[in-house]
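See below for the structure under consideration.
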Amino acid sequence: MTRIDPNMSRTWHRSVLGAAVLGMGVLLEGTSAGAGSMDETPFGNTQDGKAVNLYTLTNDRGASVKFIAYGGIITEINVPDRWGKLGNIVLGFKELADYESKNPYFGALIGRYGNRIGGAKFMLDGTQYQLAANNGPNSLHGGTKGFDKVVWAVEPVGGASGAAARLSYTSKDGEEGYPGTLTVRVVYTLTNDNELRIDYEATTDKPTVVNLTSHSYFNLAGDGTGGIDDHILTINADRYTPVDATLIPTGQLASVAGTPFDFRQGMPIGARIRSNDPQLVYGRGYDHNYVLNRSGSGLSLAARVYEPRSGRIMEISTTEPGVQFYSGNFLDSTLVGAAGQQYRQTDGFCLETQHFPDSPNKPSFPTTVLKPGETLKSTTIHKFSTDAS
Ligand code: GLA
């Protein structure tokens, strides 16, 4: 077993001379004058003995994002409230063992396929691929051992826009039933504008399907402060994809008008969550994909969330066609967070930018097929501000 040595911590700082310099004296790749720093410290060992480090990206304004190599899990996002006080706004655990044994995807990178594939199977080029049914009859979030449960390689990266780290993982041909060797790179950047930028890239050596996302549970009032009912949510979508009782889209793109799914004007999350709408009953709350209003293929505003007590605002822009709004319906008091408090239903919400669930079985949805020679590129930005800024 690898021993944890606190002296192994190291910090990378961006030098004003235009190169990234390792605290221990090693010169790293990166040529532009930048900002912020990345700190690396041991976090624990996996049950099978792999050492896992915790990384902290800190920007010039003191905001920070912490993540671990296991699952690429974002364990903390510390951003200011309206009085300038930093606080952590994502749910998480204290110990690696909790992330390994009972994580409801807190903060994790999700792949190969974010959300569900119906019947845990799909056809591609005349071949049927069978996946693990890990969510009733369906496959959820990449299967039994998705990208949320693998140890990613992490390295600091250069760039002028902030503190950044690249996470890499190569998924073997046939892993979790999916065809093709999939090479994935994800860059987390914390900019000096208090934006968390997530850039995804993937290539394959055989045709396959891919849908990558990030699964932070947010509570903008602060982790452990209770429910998220009063957060005011706006989603830039006229339509959503209704689901069946197992949460697989029916294929229909339904109008949100006149339904509890209409967040085109800011509405408290809790205002209509108890409506007797069959869709909300299936999801035990919101657990639905929204069809984003977009023009072009660039970054476009997906959602905005405002928390009135802290004054914090989060705006999400993405290149993806959809966002899964999940109101933390399956959280229960068996989960105890890093601050020692138990979590309960709706103590956090997720806005997972993505392609639509079950796209491999829904030819009318935007395709999730990736072919050799192509590079999947996707970007999502979470911009944090307050009503005082
Ligand atoms: C996604 C799914 C939900 C649930 C959560 C994690 O949001 O759509 O049904 O699985 O992840 O529990």
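Descriptive notes on the structure:
- Candidates THR234, THR250 - the one that is open to solvent by 10 Å² or more (accessible area, probe 1.4 Å), polar (S, T, N, Q), over 30 Å from ASP387 (Cα atoms) and out of contact with any helix residue (DSSP H, G or I) (no Cβ under 8 Å at 6 or more places or on another chain): THR250
- Of all residues in the range 331-380, those satisfying the criterion of being in a strand (DSSP E or B) and either crowded, with 24+ Cβ neighbours inside 10 Å or within 13 Å of the ligand (Cβ to nearest atom) (or both) are PHE349, CYS350, LEU351, GLU352, THR353, GLN354, THR380.
- Test set (1) within 25 Å of GLY224 (Cβ to Cβ); (2) in a loop (DSSP other than H, G, I, E, B); (3) away from the ligand (no atom under 16 Å from the Cβ); (4) open to solvent by 40 Å² or more (accessible area, probe 1.4 Å) - SER295 fails condition number: (1)
- Residues of the range 88-107 that are among the small types (Gly, Ala, Ser) and either free of Cβ contacts under 8 Å to residues at least 24 places away in the same chain or within 17 Å of LEU57 (Cβ to Cβ) (or both): GLY92, SER101, GLY107.
- The strands (runs of 3 or more DSSP E) falling completely within the range 44-91 that include 3 or more residues that are among the hydrophobic types (A, V, I, L, M, F, W, C) map to 51-58, 64-68, 74-80.
- Hits in the range 245-254 (condition: more than 16 Å from the ligand (Cβ to nearest atom), at negative phi and part of a loop (DSSP other than H, G, I, E, B)): GLN252, LEU253
- Matching residues, the range 174-191, being assigned to a strand (DSSP E or B) and of a type in the set (Asp, Glu): none
- Unique match (being modelled with pLDDT under 95 and touching a Ser or Thr at 6+ places or on another chain (Cβ under 6 Å)) among ALA153, ALA160: ALA160
- So LEU140, is it under 19 Å from the mean Cα position of the chain (by Cα) and open to solvent by 10 Å² or more (accessible area, probe 1.4 Å): yes
- Yes/no for ASN115 being within 13 Å of the ligand (Cβ to nearest atom), surrounded by fewer than 20 Cβ atoms within 10 Å (Cβ to Cβ) and over 18 Å from GLY174 (Cα atoms): no
- When ALA202, ALA221 are screened for being among the small types (Gly, Ala, Ser), in contact with a Ser or Thr (Cβ under 7 Å, 6 or more places away or on another chain) and open to solvent by 10 Å² or more (accessible area, probe 1.4 Å), only ALA221 passes.
- Qualifying residue in the range 271-282 (condition: within 16 Å of the ligand (Cβ to nearest atom), open to solvent by less than 10 Å² (accessible area, probe 1.4 Å) and in contact with a Pro (Cβ under 7 Å, 6 or more places away or on another chain)): yes
- Test: PHE122 is part of a strand (DSSP E or B) and open to solvent by less than 10 Å² (accessible area, probe 1.4 Å): yes
- Among the candidates THR127, THR75, residue that is open to solvent by 50 Å² or more (accessible area, probe 1.4 Å) and touching a residue at least 40 places away in the same chain (Cβ under 8 Å): THR127
- Residue list for the range 313-330, filter: open to solvent by 10 Å² or more (accessible area, probe 1.4 Å) and either more than 16 Å from the ligand (Cβ to nearest atom) or in a loop (DSSP other than H, G, I, E, B) (or both): ILE313, GLU315, SER317, THR319, GLU320, PRO321, PHE330
- Of the set (1) open to solvent by 50 Å² or more (accessible area, probe 1.4 Å); (2) within 23 Å of the chain's Cα centre (by Cα); (3) more than 16 Å from the ligand (Cβ to nearest atom); (4) modelled with pLDDT of 95 or more, all apply to ALA257 but (2).
- If you check ALA63, ALA133, ALA69 for being within 16 Å of the ligand (Cβ to nearest atom) and either open to solvent by less than 50 Å² (accessible area, probe 1.4 Å) or without any contact (Cβ under 8 Å) to a residue 40 or more places away in the chain (or both), only one passes: ALA133.
- Among the numbered conditions (1) open to solvent by 20 Å² or more (accessible area, probe 1.4 Å); (2) more than 22 Å from PRO357 (Cα to Cα), the only one that ASP244 does not meet is (2).
- Filter result for LYS145 (open to solvent by 10 Å² or more (accessible area, probe 1.4 Å), part of a loop (DSSP other than H, G, I, E, B) and touching a Pro at 6+ places or on another chain (Cβ under 7 Å)): no
- The range 28-64 - residue that is touching a strand residue (DSSP E or B) at 6+ places or on another chain (Cβ under 6 Å) and at pLDDT below 55 and, of those, nearest to VAL187 (Cα to Cα): GLY30
The values are calculated or read from the model by the stated rules, or taken from the named source; none is laboratory data. Since the structure is predicted, the reported quantities are computational estimates derived from the model, not experimental observations. No Cβ is skipped: glycine too gets one built from the backbone with ideal geometry, and neighbour counts run over all protein chains shown. Remember, those area values only see protein heavy atoms, side chains included, never the ligands or the DNA or RNA. Shrake-Rupley method; radii C 1.70, N 1.55, O 1.52, S 1.80 Å.
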